[in-house]
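The structure's right below; bear with me while I get my questions together.
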Amino acid sequence: MIALKKGRDARRETCPARDLSALLRLTITITYILYKRYLLCAHRSGFKSEATQQIEFFSRNNHMFTCHCLSYLCIFTLASMIWASPLSAMMSVEEERELGNRLLHQVESRVPLIKDPEIVGYVCRVGQKVLDQVDGKFFDYEFFVIQDDGLNAFAMPGGLVFVHTGLLEVIDSENELLCVLAHEVGHVQGRHIARRMDRMQRINIATAALAIAGIFLGQGEAGSAIFATSGAINMSIALKYSRTDEEEADRRACQWICKAGHDFRGLITVLKKMQKYRWLGTSAIPSYLSTHPGASERTTYLEDLWERERCLQKVQEDRFKLRKLQVKTRILTHDPIVMTKYYKQELNTTPDDILLLYGLAQSLLAARDYDKAIKAFDHIVSSAPEKSEFKLDQGRAYFAAGKYKKAVSILGPYSERHPGDSTAKFFLARAYLEQGEPSKALPILNTLKKSWPDPAGIYLQLGRCFAALERQGEAHEYFYRHYKATGNRQSAQYHKNKAMKLLSPDSKPYNDLKNDKHQENPEP
């Protein structure tokens, strides 16, 4: 077992097991020498006087006492080696976090991520219900949604959890999504990838990032040459989850699911769907079943576990919210023109179906047919006044159409009634900014910058706000953060230099920039 460190002498410097081994050898050597002296004293005592024998009797006893002590020290040292070696030698949490940063850069450069705050926010809220049950979290978890038809979800080192839109479209309940996320968090908390890397004698973080990306994202045409020449193909085989990893992640997940008041049979139903629709998805991204082995065995032992340890769902779900989210996800991942035709055809049969009306409105909005989209949203709001969430969609439609004053008149009152809705706040702030009121937008954006699921987006709007307020130093600071988050190093460095020239050296933003070494999203 070795510690994962950069540098030639990392294994020698960072592996306590080696120090314990040296201590054990030294202890055994000293014990052997003292024991030989005891035997020599005993042999010589037969030829000496009685007084001399009494003196040497005490000397031999002292030797034996020391030998016993050193023997116990040997046992203790050996036990310490067995206990400490695998944990001490495993890559540190900080190293795993660095690996996660590299992997996130790989994901963002190779697959399309959904940025819609309503969709990402829903996944984050469900994931947080799992995290609330986890004791001793190693990382600050982040949840992402990948635009892909596959029924897939996976976790990467560092607390990165990904869900495919294909999975969101086929789940029948929030409980099923929660169960999938709990399983993936189980892999991260078990540090399964880190443990597998620990078994490999020579691997650095950059190569590991390529190998892990190859496991979960596939190689694709653009990355296949790099992937092959890096030697990561063979490593990816060794890094894949084992059936033992899967069972451990499932058992952890079941505990958290029950504590959260949900039913872990959601894992079983999702596994069965994945086996049924295993052909869905793209050839570039491996299926869930290829990265999570033993689906049929998992189904069997989960059913057996349910018979022994049942936990019934106690939490009431809002199924309408999930169905509405699924409609929006489907439109974002398909041709809006095709979807418009589909919903029009369906509405010929059931003209009053509110979700079909919503699908048509969202399809028209995605197709940028703003006048018809606004008309459709106005009709939905008047038809279902009890569903206040449609007011948010109506306000966003007016914003997208460039009718900012109308958007403010809708989103302002909605935000007051729903202070926890960050999406409403974000678009209200943007509407204020677009209609020339940055002083109203700035405090709203400041409340969102730590929790908004798209950091690059919030940094861009903050930069625009400060620029409109003629606070150029802070504007360049946030433009720097925006470009750094998007991986544009050249533009990021330009704005960082400008910000440090304009900001006061005594200010907190200046010192934050000075201490920021610009190491995020490094190239592998």
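The values are calculated or read from the model by the stated rules, or taken from the named source; none is laboratory data. As the structure is a computational prediction, the values presented were derived from the model and not from experiment. Positions of Cβ are generated from backbone atoms using ideal geometry, with glycine treated the same way; all protein chains shown enter the neighbour counts. Ligands, DNA and RNA are stripped out before the accessible areas are found, and what is left, the full protein with its side chains, is counted by its heavy atoms. Shrake-Rupley method; radii C 1.70, N 1.55, O 1.52, S 1.80 Å.
Classify the range 353-489 as rounded, prolate or oblate from the Cα gyration tensor: take a ≥ b ≥ c as the square roots of its eigenvalues, call it rounded if a/c is under 1.5, otherwise prolate when a/b beats b/c and oblate if not.
Prolate shape, in that a/c is at least 1.5 and a/b is the bigger ratio.
When Lys and Arg each count +1 and Asp and Glu each count -1, what net charge do the other residues less than 14 Å away from GLU248, Cβ to Cβ, add up to? Display every interim value, and only then the final one.
Numbers: positive: ARG191, ARG195, ARG196, ARG243, ARG251, ARG252, ARG298; negative: GLU184, ASP245, GLU246, GLU247, ASP250, GLU297.
Cβ neighbours under 14 Å give a net charge of +1.
So how exposed is MET500, as accessible area in Å² (1.4 Å probe, rounded to 10)?
50
Hey, what did the range 394-524 get for relative contact order, percent, Cα under 8 Å, at least 6 apart? The partial results should precede the final answer.
On the way: 157 pairs, mean separation 18.5, N = 131.
Here the relative contact order equals 14 percent.
Ordering TYR494, TYR141 by accessible area with a probe of 1.4 Å, largest first, what comes out? The partial results should precede the final answer.
Numbers: TYR494 120, TYR141 30 Å².
These residues rank, largest area first, as TYR494, TYR141.
Could you tell me the calculated FRET efficiency between ASN488 and LYS450, based on Cβ-Cβ distance and R0 = 22 angstrom, to the nearest 0.05? The partial results should precede the final answer.
On the way: r = 22 Å, r/R0 = 1.02.
According to the calculation, E is roughly 0.45.
Please give the solvent-accessible surface of ASP353 in Å², to the nearest 10, using a probe radius of 1.4 Å with every protein chain present.
60
Looking at the range 372-463, which GluC sites (Glu not before Pro) are DSSP coil and have at most 14 other C-beta atoms within 10 Å of their C-beta?
Here the sparse-neighbourhood loop sites are GLU386.
Any idea how far apart THR350 and HIS334 come out in nm if each label point goes 7 Å out from Cα toward Cβ?
Once both label points are built, they end up 1.5 nm from each other.
Between beta-carbons, use under 14 Å as the cut-off and find the net charge around CYS258, counting Lys and Arg +1, Asp and Glu -1.
+4
Label-point separation (nm) for ARG319 and ASP371, each offset 7 Å from Cα along Cα-to-Cβ?
4.0
Taking a ≥ b ≥ c as the square roots of the eigenvalues of the Cα gyration tensor of the range 405-478, is the shape rounded (a/c under 1.5), prolate (a/b larger than b/c) or oblate?
oblate
Which of the pairs LYS324/LYS403; LYS375/LYS403; LYS129/LYS314; LYS484/LYS514; LYS321/LYS403 have their Cα atoms more than 20 Å apart in this structure?
LYS324/LYS403; LYS321/LYS403
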